[in-house]
Structures are given as structure tokens and as C-alpha cells.
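First the structure, in the form of C-alpha cells, and then the observations on it.
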Amino acid sequence: MYLPFPNIMRIFRHVHRSGGDWETALLNNISKRHLMTPEEKEQEAQQEKMNRRKIRQRERNELIRTICEATGHH
């Protein structure tokens with residue numbers, strides 16, 4: 001796993017200021033997506049896919065409603 005230099009510096013700074021609390025330093029400075037299990041990642045991906053599908057359906061319904069109102073078809 002690659003950690004950007006600013007994150008590494010924040011980790012060291014946190015550890016120094018907290019008197020050695022590596023766990024909190026790492027958890028606060030590593031992206032949550034890197035800490036997820038493959039199952040959690042899959043579940044999140046499925047949720048995102050469903051949310052995108054719902055948004056597209058809502059937008060499609062709004063467009064149809066707008067067209068129907070504009071053309072006098074209800």
C-alpha cells in the first residue's frame with residue numbers, strides 16, 4: 001500500500017504528540033477504503049450501484065413528467 005508523504009508526516013506527528021498512539025494515528029490517516037475487507041468493499045460497491053440506478057430512474061421520471069406537462073399529455 002502506498003501512503004502519500006503528507007499522510008506519513010501526519011502519522012508521525014500524531015504519534016509524537018500522543019505519546020506513541022500508533023493505532024489512532026494510522027486509523028486517522030489511512031483512507032477507510034484501504035481498511036475495508038473485500039466483502040465490505042463489494043457491499044459498498046453494490047450500494048453505490050443501486051444509488052446511481054435510483055438517481056438515473058428519478059431523473060428519467062422527472063424528464064418524462066416535464067415532457068408530458070410541456071406537451072399537454074398527462
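Key figures for this structure:
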read-out: Matching residues, segment 27-65, being of a type in the set (Val, Ile, Thr) and more than 16 Å from the chain's Cα centre (by Cα); value: 55, 64
read-out: One residue from 69, 59 being modelled with pLDDT under 95 and surrounded by 10 or more Cβ atoms within 10 Å (Cβ to Cβ); value: 69
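The values are calculated or read from the model by the stated rules, or taken from the named source; none is laboratory data. Predicted model only: the values in this text are computed from it and were never measured. Heads up, the Cβs are rebuilt from the backbone with ideal geometry, glycines too, and the neighbour counts pull from every protein chain shown.
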